[in-house]
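*Asks:* If you scroll down you'll find the structure; I have some questions about it.
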Amino acid sequence: MVGNAAIDAARGLKALLIAAAASKLEAKPEDVECVGEVFQVGAGGQSSLPFAEVVKAALAERGPITISGTFTCPPEAQGGKHRGGAVGSTMGFSYAAQVVEVTVDEATGTISVDKVWAALDCGHAINPLAVEGQIEGSIWMGMGQALSEETRYAEGLPVHASLLEYRVPTIAESPPIEVQIVESHDPYGPFGAKEASEGALAGFPPALVNAIANAVGIDMSELPTTADRVMEALVERRRRQRLDSTRKVAS
Amino acid sequence: MPQFHIARPPNVEAAVATRRDHPDSRFLAGGTDLLVNMRHGISSPALLIDLAEIDELGGIEATEAAVRIGASVTVAALPLSPLLSERYRALAEAAEGIAGPGHRVMGTVGGNLCLDTRCIFYNQSEWWRHANGYCLKHSGEVCHVAPQGQRCHAAFTGDLAPALLVLGAEIEIAGIQQRRRIPLGDLYVEDGRAHLALGAEEMIVAVHLPRDPPPSTYAKLRARGAIDYPLAGVAVALATADGMVKTLRIGITGTNSRPFLLAGTDELVGRPIDEKMLQQVDRLVQKQVQPMRTTVASAHYRRLAAAGLARRLVCALAGTPKNRS
């Protein structure tokens, strides 16, 4: 949505600059062409103006330039009657998949993330490098939610009142991340793009919890999976195993 | 940050005299602990006595009998010493794990040994502590960790102390009248509000280590792999002969108001390092640590984790395969 609104604004800005160039070049706006950073009349280069001059002309004519663009989702994409559907937030939902590999230290409850694979269908990747960086950032954010960030209170006061206690992952926790951009072309999206932000974030916590279950057979039902919570679950698992084995012996 | 003046005495005697003449003053080394507490309004001395220009406090020197580490040697410098990283592994490993690289460049050996104790009810802003009626450690009357108790339970979290304890360190202390030398363990008291047995104008000058210590190692647990203070830290020094324990020392930090040497390890001398012996180590640790709810992580967790670390480090030094709790 923002992308489409931005395109609308950019088109408005371009029209405004072309009008300014036309009046400076004494031509009709429809005859002025914008070629890279030069505005020219027709295909020849006999009368042309560099971008900076055009901007100056536009500023001289109108003062500071502000353009706004808008976009509304087409009705068929505005959601149904379900709760929250009325906001019609977007038409282009991205799809994401994530694999997390962990090592669980059973003596200390410590979890280390060894590697993360993330795939994201972001529509058309306008700037693939930026998409990749965005996905890596999302994984860090998801890792914080899943492993260490939380807000608890003691006697009504926030215990995690500064960035020393609100524990964002550091570079020491950062695993190797392998990013796969799975491109598609979204007919509604700006240039066929969808989104490249939270899709890659939401996958991390469930993938981590499943990896822990796969490693040591405990189901973490609370986030973040701090070492003390993992330890508690491990102790509980051992207790249950002991009970089961004594029952088996008894029966 | 409160206003303060700075004095830069040229030698230890002048530093101690300045401290005596200005009761409202503090010694300043790296400042990584003190300045943070000053910003939190915990401490607001009128005068800081900067020890940076005192040559005697610097340097790592080895003689045939001992190794002397000056109190203002930085944490970052310890693992860079080939002697320390080879023969005093626990110390080098403890230093490498302290806080983040920036802190290690500034923080000093003396500062880390004199680190203030920590608690979730204490290391908070002035506003926060005021809203909570302050606490026993500072300006208040109740310990929020143990409201029925009479003492402060804030935990000591320095990493170097347990390593130096198992390596048999002594510290040299300068006061007004005299210098004295005491075993490092005697520096600490099990009281979060007054955990250092140092006179008001006394300062640590140097750490002395005996030569040829037993092989040693250090590990700690913390919320993240950097920056955070230890929830529990364990140093082990172990010498074996024919698979039997010859010397075993275990130092612990992060769980009590003082770092301490585990009692009862002498009884394990002559024993093979087997599951039974490891269980005994586990029991000794669990019995002697006294973690309280001074961190977000549960006290029970810190107890179990300290024991788990101790077992693991004993195994690592004995060269036996990794033990699964």
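Each reported figure results from applying straightforward, stated rules to the coordinates on display, with no laboratory input. No experiment lies behind these values; they were computed from the predicted model shown. Don't worry about glycine lacking a Cβ; one is built from the backbone with ideal geometry, like all the others, and counts go over all protein chains shown.
*Asks:* Inside 10 Å of the C-beta atoms of A:170-177, what's the mean count of C-beta atoms belonging to other chains?
*Replies:* Per residue, the number of nearby Cβ atoms from other chains is 2 on average.
*Asks:* Extending each Cα 7 Å along its Cβ direction at B:Glu190 and A:Lys248, get the distance between those two points in nm, one decimal.
*Replies:* 4.2 nm
*Asks:* Using +1 at the C-beta of Lys and Arg and -1 at the C-beta of Asp and Glu, which of B:Ala237, B:Phe156, B:Ile273 has the Cα lying farthest in the positive direction of the dipole of chain B?
*Replies:* Of B:Ala237, B:Phe156, B:Ile273, it is B:Ile273.
*Asks:* Go ahead and estimate [θ] at 222 nm for chain A from helices alone: -39,500 (n - 2.57) per DSSP H run with n ≥ 4, summed, over the residue count, rounded to 500.
*Replies:* -13000 deg cm²/dmol
*Asks:* What fraction of the DSSP beta bridges in the protein assembly as shown is antiparallel, stated in percent and rounded to the nearest 5?
*Replies:* Restricted to the protein assembly as shown, the bridges split so that about 80 percent are antiparallel.
*Asks:* Would you compute, from DSSP H runs of 4+ residues alone, the mean residue ellipticity of chain B at 222 nm, taking -39500 (n - 2.57) per run and dividing by the full residue count, rounded to the nearest 500?
*Replies:* The per-residue figure over chain B is -7500 deg cm²/dmol.
*Asks:* Let me ask you something else. How well do other chains shield peptide B:224-236, expressed as the mean number of their Cβ atoms within 10 Å of each residue Cβ?
*Replies:* 3
*Asks:* So, one more: Through the Karplus equation 6.51 cos²θ - 1.76 cosθ + 1.60, θ set to phi - 60°, convert the phi angles of region B:49-55 into ³J(HN,Hα) values in whole Hz; use x for Gly and Pro.
*Replies:* Coupling constants for region B:49-55: 9, 6, 9, 4, 8, 8, 4 Hz.
*Asks:* Could you pull the Cα extents of region B:228-310 along its three principal axes, largest to smallest, in whole Å?
*Replies:* Principal extents (largest minus smallest coordinate, Cα): 43, 20, 20 Å.
*Asks:* Something else: Pop out the ³J(HN,Hα) list for region A:47-60 in order, Karplus 6.51 cos²θ - 1.76 cosθ + 1.60 with θ = phi - 60°, rounded to Hz; leave Gly and Pro as x.
*Replies:* 3J(HN,Hα) across region A:47-60, in whole Hz: 10, 8, 9, x, 3, 4, 5, 5, 4, 4, 4, 5, 5, 5.
*Asks:* Using amide H atoms built in the peptide plane, which far-off residues or other-chain residues are under 5 Å from A:Glu165 H to H?
*Replies:* Counting only residues 5 or more places away or on other chains, the set is empty.
*Asks:* Which FRET efficiency value, to the nearest 0.05, do you get for A:Arg239 and B:Glu267 by plugging their Cβ-Cβ distance into 1/(1 + (r/R0)^6) with R0 = 30 Å?
*Replies:* 0.50
*Asks:* Would you mind listing how long region A:57-208 runs along its three principal axes, going by Cα atoms, in whole Å with the largest first?
*Replies:* 69, 42, 38
*Asks:* Based on alpha-carbon centroids, what's the gap between region B:14-45 and region B:192-248 in Å, whole number please?
*Replies:* 25 Å
*Asks:* Under 14 Å from a point 7 Å along the Cα-to-Cβ line of B:Ala66: which residues of region B:175-201 have their amide N that close?
*Replies:* Residues B:179-185 qualify, since their backbone N sits under 14 Å from the label point.
*Asks:* With r defined as the distance between the Cβ atoms of B:Gln279 and B:Asp24 and R0 fixed at 56 Å, what FRET efficiency is calculated, to the nearest 0.05?
*Replies:* For B:Gln279 and B:Asp24, the calculated efficiency is 0.60.
*Asks:* If you find the alpha carbon centre of region A:45-81 and of region A:174-251, how far apart are they in angstrom?
*Replies:* Taking the Cα centre of region A:174-251 as reference, the centre of region A:45-81 is 45 Å away.
*Asks:* Right, something else. Would you mind classifying region B:57-210 by shape? Square roots of the alpha carbon gyration tensor eigenvalues, ordered a ≥ b ≥ c; an a/c under 1.5 is rounded, otherwise it is prolate if a/b is larger than b/c and oblate if not.
*Replies:* prolate
*Asks:* Can I ask one more? What is region B:49-114 by shape, rounded, prolate or oblate, if you read a ≥ b ≥ c off the alpha carbon gyration tensor as root eigenvalues and call it rounded for a/c under 1.5, prolate for a/b larger than b/c, and oblate otherwise?
*Replies:* oblate
*Asks:* Let me ask another. What is the spin-label model distance, in nm, from B:Glu141 to A:Ile65 if the labels are put 7 Å beyond Cα along the C-beta direction?
*Replies:* 7.1 nm
*Asks:* Name the shape class, rounded, prolate or oblate, that the alpha-carbon gyration tensor gives for chain B, where a ≥ b ≥ c are the square roots of its eigenvalues, rounded holds for a/c under 1.5, and otherwise prolate holds if a/b is larger than b/c and oblate otherwise.
*Replies:* oblate
*Asks:* Could you give each residue of region B:282-294 its phi-based ³J(HN,Hα) in whole Hz, using Karplus coefficients 6.51, -1.76, 1.60 with θ = phi - 60°, and x for Gly or Pro?
*Replies:* Couplings: 4, 5, 4, 5, 4, 6, 8, 6, 10, x, 10, 7, 9 Hz.
*Asks:* Let me ask you something else. With only alpha-carbon pairs counted, each pair once and no self-pairs, how large is the Kirkwood hydrodynamic radius of the protein assembly as shown in angstroms?
*Replies:* Final number for the Kirkwood radius of the protein assembly as shown is 28.4 Å.
*Asks:* What's the lysine pair count for the protein assembly as shown at a Cα cut-off below 20 Å, pairs eight or more apart or interchain?
*Replies:* 10
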